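Only one structure is covered here, and it is reproduced in the block below.
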Amino acid sequence: QVQLVESGGGLVQAGGSLRLSCAASGTIFSINAMGWYRQAPGKQRELVAVISSVGSTSYADSAKGRFTISRDNAKNTVYLQMNSLKPDETAVYYCNLKQRPSVFGSEYTYWGQGTKVTVSS
């Protein structure tokens with residue numbers, strides 16, 4: 001019913017940049033938030049950044065100042081611009097969508113397939 005398609009992952013040297021994209025398709029409600037999570041080797045999955053349908057953003061402390069999340073509501077697409085990448089940010093990055101049909105409706109969560117980001121030192 002909902003599909004998230006990611007792109008932009010790859011290999012980059014420390015200090016370099018990458019831009020991830022995630023396009024959502026299917027039934028997308030107006031009340032929603034899209035975000036990026038990552039899971040590094042030996043670590044739990046963590047939130048990197050999230051943006052609501054009205055533009056409110058939140059970042060992990062490690063991402064503040066270097067990463068920027070944005071979205072294009074007309075395209076149902078979310079982006080993550082990652083600058084000054086560090087080797088410990090090597091991980092599988094997952095696109096996430098949380099949405100409600102109404103304020104009092106249940107929240108539903110969807111995940112993308114993940115895209116690998118490798119930061120070499």
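Among the lysines, which have Cα under 17 Å from the Cα of residue 98 when same-chain residues fewer than 8 positions away are ignored? Correct list for residue 98: 75. Cα gyration tensor of the chain, axes a ≥ b ≥ c as square roots of the eigenvalues: rounded (a/c below 1.5), prolate (a/b > b/c) or oblate? Prolate, since a/c reaches 1.5 and a/b exceeds b/c.
Identify which of 27, 90, 57 has the largest mean-square fluctuation in a Gaussian network model of the chain, with springs joining Cα atoms closer than 10 Å. Comparing 27, 90, 57 in a Gaussian network model of the chain, the most mobile one is 27.
Of the solvent-accessible surface of the chain, computed with a 1.4 Å probe over protein heavy atoms with every protein chain present, carbon and sulfur atoms account for 49 percent.
Calculated accessible area for the chain comes out at 54 Å² per residue, all protein chains present (probe 1.4 Å; ligands, DNA, RNA ignored). Structure remark: mean-square fluctuation, Gaussian network model of the chain, C-alpha springs under 10 Å; the largest value among 21, 53, 106 belongs to 106. Among 89, 46, 107, the largest mean-square fluctuation in a Gaussian network model of the chain, built with springs joining Cα atoms closer than 10 Å, belongs to 107.
The values are calculated or read from the model by the stated rules, or taken from the named source; none is laboratory data. Remember, it's a predicted structure, so these values are computed and weren't measured experimentally. These accessible areas exclude ligands, DNA and RNA; they are computed on the full protein's heavy atoms, side chains included. Shrake-Rupley method; radii C 1.70, N 1.55, O 1.52, S 1.80 Å.
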